[in-house]
């Protein structure tokens, strides 16, 4: 039976990548899920660090929680996932949307991965489809396919909370870019409308925050009602045509994310590094003029 109580949501903000990782907890038990974890990565040295993931792991252990899921809203282009590191220490299944295969096919070609890189999503434990249901103890979660930023973006609606990844930001910052391979502003608009059709009291938890001009503090929680009324890109009844024109014009001015090259190669592998070469070291490729 699904819990009538709302999930407990604990947020961990990584200022280096402006990413929010969430621990979603059953209010009536010990079960929990982690959404959009971060593996710290220093690009100039090529070194990884686990301090962000370790903070999440320490919280789960200190609270005596049972990790059941390590969830990804999409293949991130701005930070590396710590999903396998967390799974190795706490268990749980790694899940992502079933359209990961489209992303793997696209970037498998861009990074010239060859035939050893599987493009069937088998690196993940669970591939979610639109309407799939997952449970976190007594909590019931439903999966919404919300593409546009990428073809594989998901929103996890768990109790009264929706974890939207990069589809929506805080109302004063708008929406995510749609110019990555496989992205679409038209599709993004439709996905946003799907999210905004949820009850107005639904809590919206975003994947990133960049402090909009005039705001002093980072923030990551709003509601569907607030997004509908005040989102600067899609609120107040903005038309699809106006949104698409705005989004495409804005995207044309944006630089690529600082960590896009390593992030894509790692995250399409469910957070694993590319297979080590004969010297035991993993290497990341830079496709010159390839993205």
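The values are calculated or read from the model by the stated rules, or taken from the named source; none is laboratory data. Everything numeric in this text was worked out from a predicted model, so none of it was measured. Every residue, glycine among them, receives a Cβ derived from its backbone with ideal geometry; neighbour counts consider all protein chains shown.
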Conditions (1) in contact (Cβ under 8 Å) with a residue 24 or more places away in the chain; (2) surrounded by fewer than 16 Cβ atoms within 10 Å (Cβ to Cβ); (3) under 22 Å from residue 35 (Cβ atoms): number failed by residue 230:
(3)
Among 82, 152, 77, the single one that is crowded, with 18+ Cβ neighbours inside 10 Å and closer than 18 Å to residue 22 by Cβ is 82
Can you tell which of 147, 171 is modelled with pLDDT of 95 or more, part of a loop (DSSP other than H, G, I, E, B) and in contact with a strand residue (DSSP E or B) (Cβ under 8 Å, 6 or more places away or on another chain)?
171
Residue 265 being in contact (Cβ under 8 Å) with a residue 24 or more places away in the chain, in contact with a helix residue (DSSP H, G or I) (Cβ under 7 Å, 6 or more places away or on another chain) and either within 19 Å of residue 73 (Cα to Cα) or not in a loop (DSSP other than H, G, I, E, B) (or both)
no
Restricting the first residue to region 212-223 and requiring it to be on the phi > 0 side of the Ramachandran plot and assigned to a loop (DSSP other than H, G, I, E, B), which pairs with a second residue that is surrounded by 15 or more Cβ atoms within 10 Å (Cβ to Cβ) and modelled with pLDDT of 95 or more meet a Cβ separation below 8 Å and a spacing of at least six or different chains?
214/172
Restricting attention to region 118-125, does a residue exist that is in a loop (DSSP other than H, G, I, E, B), surrounded by 24 or more Cβ atoms within 10 Å (Cβ to Cβ) and touching a strand residue (DSSP E or B) at 6+ places or on another chain (Cβ under 7 Å)?
no
Among the residues listed as 213, 181, 199, the single one being at pLDDT below 95, surrounded by fewer than 19 Cβ atoms within 10 Å (Cβ to Cβ) and out of contact with any helix residue (DSSP H, G or I) (no Cβ under 6 Å at 6 or more places or on another chain):
213
Taking region 5-20 and keeping only residues that are closer than 21 Å to residue 141 by Cβ and in a loop (DSSP other than H, G, I, E, B), one is left with 5, 6, 7
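To keep it simple, each residue is scored yes or no on (1) under 16 Å from the mean Cα position of the chain (by Cα); (2) outside any helix (DSSP H, G or I); (3) over 16 Å from residue 182 (Cα atoms).
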site	(1), (2), (3)
52	yes, no, yes
59	no, no, yes
67	no, yes, yes
77	yes, yes, no
88	no, no, yes
95	yes, yes, yes
108	no, no, no
112	no, yes, yes
Given the conditions (1) on the phi > 0 side of the Ramachandran plot; (2) in contact (Cβ under 8 Å) with a residue 24 or more places away in the chain, every one holds for residue 181 apart from (1)
